[in-house]
Amino acid sequence: MNLNLNGAPKKDPRTLAIGLAIAAAVLLAFAAFSRTWVARPNSIGFGPMGCTSCNLETDGNMSNGAFIEMLRGTGIDEKFTSGAFAPMGWATFALCLIGALGLLGGAALAYKKKRPDWPMAPTTAALMATMLSLITGCVFVATKPGGPGFVGVSLGFWAFGVGAVMGIVAAQMLAKINRPVDPDLLDGAMDPEQY
């Protein structure tokens, strides 16, 4: 048990870090597969992988890129159909999954009380992916198709936002818990038998 300067026992943040990491991973995975980042109630919805109820003829799902091409084929003004929308959706999808997997890997190491000395820790991958996903996710939502009021942010985006913030906090907590043991560089430096 660790003691601080006044002698009171120090609480182990391991359980909190593991819980935050698992919750953040679930939210990021949900957000990655959600089709309700930007949506109109009881109608069309968009997520990183595609849209739902977006094909008026078949009332089916399609990719974001196909939807943008369909809109451009109708002669809609190009200021309502950004070319960055679909690529940012795929980038956000991949980054959310990498972040979720990194958080789960870091939580597993913390649970097993392992401190491996790897070139890149899962928590580092989770932190980098989650922070980059904040950029790509916001660009994805900002370049949504249609004019003002066509669709608004919805459940998937809020799950992403909460999961990303929780993921950043959890990754930093787990990185501190899982960091490799520093070698003692002076071990054996003052061996009396050498003199």
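The values are calculated or read from the model by the stated rules, or taken from the named source; none is laboratory data. Worth saying up front: this structure is predicted, and the values here are computed from it rather than measured. Every residue, glycine as well, gets a Cβ built from its backbone with ideal geometry; the counts of neighbours run over all protein chains shown.
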Quick one: would you say residue 140 is closer than 29 Å to residue 44 by Cβ and modelled with pLDDT under 90?
yes
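Which one is farthest from residue 106 (Cα to Cα), of the residues in the stretch 129-154 that are of a type in the set (A, V, I, L, M, F, W, C) and exposed (fewer than 15 other Cβ atoms within 10 Å of the Cβ)?
Step one: filter the stretch 129-154 for residues of a type in the set (A, V, I, L, M, F, W, C), giving 129, 131-132, 134-135, 138-142, 150-151, 153.
Now drop any that are not exposed (fewer than 15 other Cβ atoms within 10 Å of the Cβ), which leaves 135, 142, 150.
Values: 135: 23, 142: 32, 150: 40 Å.
Across the stretch 129-154, the extreme among qualifying residues is 150.
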Quick count over the stretch 75-128, residues being aromatic (Phe, Trp, Tyr), part of a helix (DSSP H, G or I) and surrounded by fewer than 20 Cβ atoms within 10 Å (Cβ to Cβ), is 3
